[in-house]
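Colleague: I have a structure I would like to understand better, so I am pasting it below and will then ask my questions one at a time.
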Amino acid sequence: QQQQQQQQEPLDDPSVSAMASSFLASFQPLFARTSAQLSELERAQQSVLDTLIAENQKYGELPALQHAGAVFAQIPQYHAKLRSLTTQMHAIGHRMEALKKDANSLSRGS
């Protein structure tokens, strides 16, 4: 019991209390600034979140965007058609060149 009283007595010492108070006082301004910065950051993040929610709602209400999914789904089909047309145009170009050569050779041969 006597040891417990001796261990508790230094905590009741005014110098320990003064040191604890000065230690807390030295960190209080830093804590206050950090707390204010965190509050400002929280307000800014809430503002950004509110803006994003409002923008998402605007886009959800646009009638053109409701049909965009169907249009985007057709892109692979359109791409395949374009590829086919390009291939056909190249084939026609090669045939035209062959026909021109034949026509030139016929006109020279006559």
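The values are calculated or read from the model by the stated rules, or taken from the named source; none is laboratory data. Just so you know, these numbers come straight off a predicted model, no measurement behind them. Accessible surface areas use protein heavy atoms only, side chains included; no ligands, DNA or RNA. Shrake-Rupley method; radii C 1.70, N 1.55, O 1.52, S 1.80 Å.
Colleague: Expressed in nm to one decimal, what extension gain is obtained for the pair Arg108 and Arg33 from 0.36 nm per residue of sequence separation less their Cα-Cα distance? If you can, show how the numbers build up before the last one.
Modeller: Details: separation 75, 0.36 × 75 = 27.00 nm, distance 9.54 nm.
Extra length from Arg108 to Arg33 when fully extended: 17.5 nm.
Colleague: Work out how much length Met96 to Ser84 would gain on full extension: take 0.36 nm times their residue separation and subtract the Cα-Cα distance, in nm to one decimal. Walk me through the numbers on the way to the answer.
Modeller: Working: separation 12, 0.36 × 12 = 4.32 nm, distance 1.83 nm.
Once the chain is fully extended between Met96 and Ser84, it gains 2.5 nm.
Colleague: With no solvent and one equal point scatterer placed on each C-alpha of the chain, evaluate the Debye formula and give log10 I(q)/I(0) for q = 0.24 Å⁻¹, two decimals.
Modeller: Normalising to I(0) and taking log10 leaves -1.19.
Colleague: At 1.4 Å probe size, with no ligands or nucleic acids counted, give the accessible surface of Met89 in Å², nearest ten.
Modeller: About 140 Å², ignoring ligands and nucleic acids.
Colleague: Using the alpha-carbon atoms, what tilt in degrees (0 to 90, nearest 10) does helix 63-109 show relative to the longest principal axis of the chain?
Modeller: 30 degrees
Colleague: Quick check: the angle from helix 14-61's long axis to the longest principal axis of the chain, C-alpha only, nearest 10 degrees?
Modeller: The angle comes out near 30 degrees.
Colleague: At 1.4 Å probe size, with no ligands or nucleic acids counted, give the accessible surface of Glu40 in Å², nearest ten.
Modeller: 100 Å²
Colleague: GNM on the chain, C-alpha springs below 10 Å: top fluctuator among Gln28, Gln57, Gln46?
Modeller: Result: Gln28 has the largest fluctuation of those listed.
Colleague: While we're here: Taking only protein heavy atoms and a 1.4 Å probe, what accessible area per residue, in Å², does the stretch 27-97 have with all protein chains in place? Write out the running numbers ahead of the final one.
Modeller: Values: 6460 Å² over 71 residues.
In whole numbers, the stretch 27-97 has 91 Å² accessible per residue.
Colleague: Once every DSSP H run of n ≥ 4 in the chain is given -39500 (n - 2.57) and the sum is divided by its residues, what mean residue ellipticity at 222 nm do you get, rounded to the nearest 500 deg cm²/dmol? Write down the numbers at each step before the final one.
Modeller: Values: 3 runs with 106 residues, N = 110.
Estimated from H runs of four or more residues: -35500 deg cm²/dmol.
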